[in-house]
Amino acid sequence: LGAGGMGEVYRARDPRLGRDVAIKSLPDAFANDAERLARFEREARLLASLSHPNLAAIHGIEEVDGRRYLVLEFVDGETLAARLSRGALPVDESIDVCRDIAAGVEAAHENGVVHRDLKPGNVIITPSGQVKVLDFGLATSGSSGASGSDPNLSHSPTLTHATRAGVVLGTAAYMSPEQARGKNVDRRTDVWSFGCVLYECLTGRPLFQGETVSDLIARILEREPDWAALPSNTPSRVRELLRKCLRKDPKERLRDIGDARLELSQAAVEEPAFAPTAAPRSRRWPWMIAIGVLGVALLASLALRPKPQALDARTMHVSIALPRGLEVSLEVPDVTLSPDGKTVVFAAVDSTGTTRLFVRPLRSATVRVLPGTEGAVIPFWSPDSREIGFFANSNLQRMRVDGGGAQILAPAPSARGGAWGADDIIVYAPSASGALMKISAAGGTPMVATVLDSTRGETAHRFPSFLPDGKHFLYVSIPGKDGKVDTRVASLDDASGPVLVSSPNMATYAAGYLLFNQNESVVAQPFDLGSFQLRGSPKVVGDLYNVSDQYSGSPALTASGDGTLIQREYRASAMRVVLMDRSGKIIRALALPRGRYGEPSFSPDATRLAITHAPVGSAAHNVWLVDIARNLANRLSFEGTWDISPMWTTDGEYIVWGRDSDSGRELFWKRSDGSGEQEMLADVPNMFNDPTSITRDYVVFRSLSGTTNEDIYAVPLRGEKTPKPLIRTAYNELDAVVSPDERWMAYRSDESGRHEIYVVGFPNMDRRVRVSLDGAAPVTNTGLALLSWRRDGRELVFIGSDGRTLMAVDVQTGEHFSAGTPRPLFRFPRESEDASISPDGQTIAVVLPAESETRSILNLVVNWTSELQGPNNRGD
């Protein structure tokens, strides 16, 4: 692949794990050079200490016949330097790329690593748009006061082995003034280099240029940047950020590159109208990217023409890229199109980790935040497209789209969708189980809208959606059979109605059709609104696909009556597992087979992890066991397609987990050494049953029934395995874990109106004490919900009310229980998906994305019904 001052790099194949890697070796001239060897090994140690999606990873270090080799992540793509050789990047793309660069360098700085050679040549952009910072050959460990450069610049390995004109200049051009002078450097030297890279991305030329190294360094030390070279549409935030990064005195310079990342994130959200024709970086096909560039202009012309013309008869597919820094959930139905087809509202997580509602007119590139919607999920529109309903802070709320405060209508502790019909009636699912409710949009007393059919084994009705008459509505009934759910119809006057279709997701009505999933595609089938009967046969809607949601039964798309629909893009990205200490510092990353991971659980001796694993692109989750020291993963469960929540027995001999079936989620177990067959531990009648704690005699698990919400049950490990409720109320009780002395049980409940941590006597459920003071992870949080006792029983850890901060509280167990004041340990990265803490409380296993995501994509289809008329439709 190349050669440089620190060695030769080859592309290679790892046959054991089936992946391409990069192998870096020292050149023969330095194989016996002690200084070079020390620098080579230092690079290996530094890389091994870092784990971040925007940093190229190290897989290992090998020694063969006395020579050392680094086995590195192979990053395929184009260097930023090669891209800039063709000219400046568009402003929004510059912000995107440099935001990712800052995120990677920020992770390095947090681990005490200064890069010292940050430049476009050390940044690669993959074909999918992912940004990777690599080559820490000049890096030095430490922060303030770290030795940054040899007094003689020619001793830099990057400079010494440059042989072509321009290579030395290309490196020296990014040196900070203090580095060029040979002084000690700290992380602020990377801030300067980052400013140089951002400036070059925007202008297409280096910050300073010169014919010789001496000329170039003189310009770095003496001249000011040419600020007039910046594009006129550069946001003011970005201009100010550049000035802070490129101050010659490091004392006056921006101190933390993490602040640069935040500034770029805010610039993308607050000033999204710059460079409106720039193509977003996307994982879609090149033609989809090209059509996305034209999408806003085409949509504007469609929206502004008073009468449809011939162009309107065509189907148009457009990818809408949200501003960088906003991420739409792929697990919750948080995107909805207005009834008039002109506006989309969505819930998205911003760069601070806060979920809010955002509005975007389809004929505009501007995205606007709705103030006062922190924590909002599952929005839905009023019939006149002027207001929205949503769920936040365990309540159903409403708000005008053009501004004004939110009005709380009714409690909704674990919402599963809402719909706004005629006569200002809202039908909604306040909880994960139970029937639908209805309430006046002006407020009042909720009333029952549907009735569970016990003869069909129904446990929940969810995701109502009104039909055009504003009286009848669709809703989904669960559980179904063979992994499907039933879409039914009811009305405001009649609480029951027929089943229309069974499919993996709820059906959506639009333009005379029901749209639903079938055979991994979205199909449309004519639907008669008078008789509520399906007609004809289903036909495939092109370029739409199955969407997998965490909320069972949620719709696969959102549609309006004018022939427009939107679907979120499903990206089944790979995951990685890292080990952190109690400060949140990454100790090491586990080298595991590529795939999606979740729900890690430490063995009693902390040498192994039980974890769920699914191949990328597959929905089949199984239980795997990981030998932590050896980085060795083996599959434990084989028969099921959706295994969840693995837990260890107290002696480490068995693994217990939940498995989905047609009748609900059962409890299974198997020996942890892999011997023997897996067996059903308990056939639980309720819908969802997830193990959360195991004592010597019981498995404690969360259970969701059709009559109450989430409750805590236990089943004996021996004898007659009949489940019995421990805590069963109208509220949600979750994450129950029994203390090591088995006298107390901690759990999470929303009975106070928000989630708090409580401890109660076990197994009698008496002498209850509240432990948390300011709340705990909310039920709407789809990521972390960690709650655990330390092995000695003297500490509890849990996730705080922000859903990301790990809290610890000193406790006393025994005959009596007492608790101290909770204190924060650290805040998990925003992208953290699952976590588990070791029995001694010192190590945390965290599941993170293995790849950074590009912008969240909303796939817009205009006039989709036209595709159903042709003879080549794949549904015929």
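Some notes on this structure:
- Residues Val656, Val540, ordered by accessible area of protein heavy atoms at a 1.4 angstrom probe radius and largest first, appear as Val540, Val656.
- If R0 is taken as 22 Å, the Cβ-Cβ distance between Glu653 and Thr607 corresponds to a FRET efficiency of 0.95.
- The stretch 802-841: GluC sites (Glu not before Pro) in DSSP loop, at most 14 other beta carbons within 10 Å: Glu815
- Heavy atoms of Arg255 accessible to a 1.4 Å probe, total area in Å² rounded to 10: 150 Å²
- Carbon/sulfur fraction of accessible area - the stretch 365-474, other protein chains in place, 1.4 Å, %: 54 percent
- Overall, the stretch 646-765 carries a charge dipole of about 140 debye about its Cα centre when +1 sits on the Cβ of Lys and Arg and -1 on the Cβ of Asp and Glu, all other atoms neutral.
- Extension gain for Asp493 to Asp774 (0.36 nm times residue separation, less C-alpha to C-alpha distance): 96.9 nm.
- Linear extension gain, Arg400 paired with Ala218, 0.36 nm per residue minus alpha-carbon span: 59.7 nm
- Between Asp423 and Asp766, the modelled labels are 5.2 nm apart [label points 7 Å from Cα along Cα→Cβ].
- In nm, spacing of pseudo-spin labels at Asp627 and Thr722 (7 Å Cα→C-beta vector): 4.4 nm
- Accessible-area ranking of His621, His816, largest first, probe 1.4 Å: His816, His621
- In Å², nearest 10: area of Lys438 left accessible to a 1.4 Å probe: 40 Å²
- Förster radius 35 Å - calculated FRET efficiency between Gln533 and Trp642 (Cβ-Cβ, nearest 0.05): 0.60
- Highest average packing first - 200-211, 179-190, 576-587, Cβ atoms within 10 Å: 179-190, 200-211, 576-587
- Met506 accessible area, assembled protein chains, probe 1.4 Å, Å²: 10 Å²
- Computed lengthening from Lys251 to Arg86, 0.36 nm per intervening residue step minus Cα-Cα distance: 55.9 nm
- Only Lys, Arg, Asp and Glu carry charge here, each on its Cβ (+1 for the first two, -1 for the last two); on that basis the stretch 385-455 has a dipole of about 120 debye about its Cα centre.
- With a Förster radius of 25 Å applied to the beta-carbon distance between Arg11 and Asp65, the computed FRET efficiency rounds to 0.75.
- Protein-only accessible surface at a 1.4 angstrom probe places the residues Thr212, Thr355 in the order Thr212, Thr355, largest first.
- For the cross-link pairs Lys183/Lys248; Lys481/Lys721; Lys670/Lys721; Lys484/Lys539, the ones whose C-alpha atoms lie over 21 Å apart are Lys481/Lys721.
- Counting Lys and Arg as +1 and Asp and Glu as -1 over every other residue whose Cβ lies under 10 Å from the Cβ of Ala614, the net charge comes to 0.
- Simple spin-label estimate for Glu211 and Asn634 in nanometres, 7 Å along Cα-Cβ: 6.9 nm
The values are calculated or read from the model by the stated rules, or taken from the named source; none is laboratory data. Keep in mind that what you see is a predicted model, and the values were worked out from it rather than measured. Virtual Cβ from ideal backbone geometry, glycine too; neighbours counted across all protein chains shown. Please note that ligands, DNA and RNA were not included when accessible areas were found on the heavy atoms of the full protein model with its side chains. Shrake-Rupley method; radii C 1.70, N 1.55, O 1.52, S 1.80 Å.
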